[in-house]
1. Output the Cα-based Rg and Dmax of segment 72-115 in Å, rounding Rg to one decimal and Dmax to a whole number.
2. Among residues other than Thr32 whose Cβ falls under 15 Å from its Cβ, what is the net charge (Lys/Arg +1, Asp/Glu -1)?
3. Could you tell me which of the pairs Lys24/Lys210; Lys105/Lys150; Lys31/Lys106; Lys106/Lys143 are separated by over 26 angstrom between their Cα atoms in the structure shown?
Amino acid sequence: MESTTNHQMNGEFAPNEIFKYMGKHGFDFLKTRLMRMTPAELTNDPFELKCHYDGTRIEGLDPSDCLLCYSEVPNNIPMWAYYADNLCGMVVGFDRTHPFFRDLKKVAYKEMRPHYKIDGEVENSLFEKSCRWQHEQELRIVKPRSSCTKILENDFKTEISNMSADDFGMDDTVNYMIEIPAAAIMSVTVARSERRFSPKRAEELVNFLKSSETLSHVRVLCWHTSTDTWDIQIEPHPLITPPRQTTSPASHKLTNINN
């Protein structure tokens, strides 16, 4: 499918699109375009930054490393549950060809823990995980803590302006935020279910994007459960595009990644 100015055609995702599952702070991200960089030692993987080099176990390779994590798929139901407020949040799509993502790398999933023989290979540990995580189809950018745009307290609103990232070190009481270019944002997907994403929230989201000087190009989509499989289907949000007829071949079905 060719890229278009709207990045999407008939509800299908662009081939160069990657995704971030977001919870209650998703709307705040769209308003500020500030994304949290997760210190590598604070991820949900207990093996992060731990590897074997030439027979020696190494921990905490570089405590200043932070991660920006994305997925190749927008329809992973467990990830919607874990990372998007129990399916009540949103998935934001990004253009991986944008210069911001030039250091993006895919995570390789391994059955066995790697043992490195060459010093330079140790850096690969940031892009290698157990195959138990492979359903996430993760991509990563590694950035130093000092590359953050702002430091926010845990309310994600109060800025800490009198200190630098190097003053904190590995700290879970602050959030290192980096600004994402507006041109890199392609789509937002939310639940069609009123119970999970209310019409009021949907209307607020749509109106915000329509009136935004920098994000009016962003496509708004919604997901709903399939009637005959364990999958979810994603299509343009009815507040943006009139509902399609059921016989239309344009509806884009996304398969469950765990199948």
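1. Calculated on Cα positions, Rg and Dmax stand at 14.3, 40 Å.
2. Numbers: positive: Lys20, Lys24, Lys31, Arg33, Arg36, Lys150, Lys157; negative: Asp28, Glu153, Asp155, Glu159, Glu179, Glu213.
Result for the local shell: +1.
3. Values: Lys24/Lys210 21 Å; Lys105/Lys150 24 Å; Lys31/Lys106 28 Å; Lys106/Lys143 15 Å.
Listed pairs above 26 Å: Lys31/Lys106.
Read-outs: derived from the displayed coordinates by stated rules, not from any lab. Quick caveat: nothing in here was measured; it's all calculated off a predicted structure. All Cβ positions, glycine included, derive from the backbone under ideal geometry; neighbour counts span all protein chains shown.
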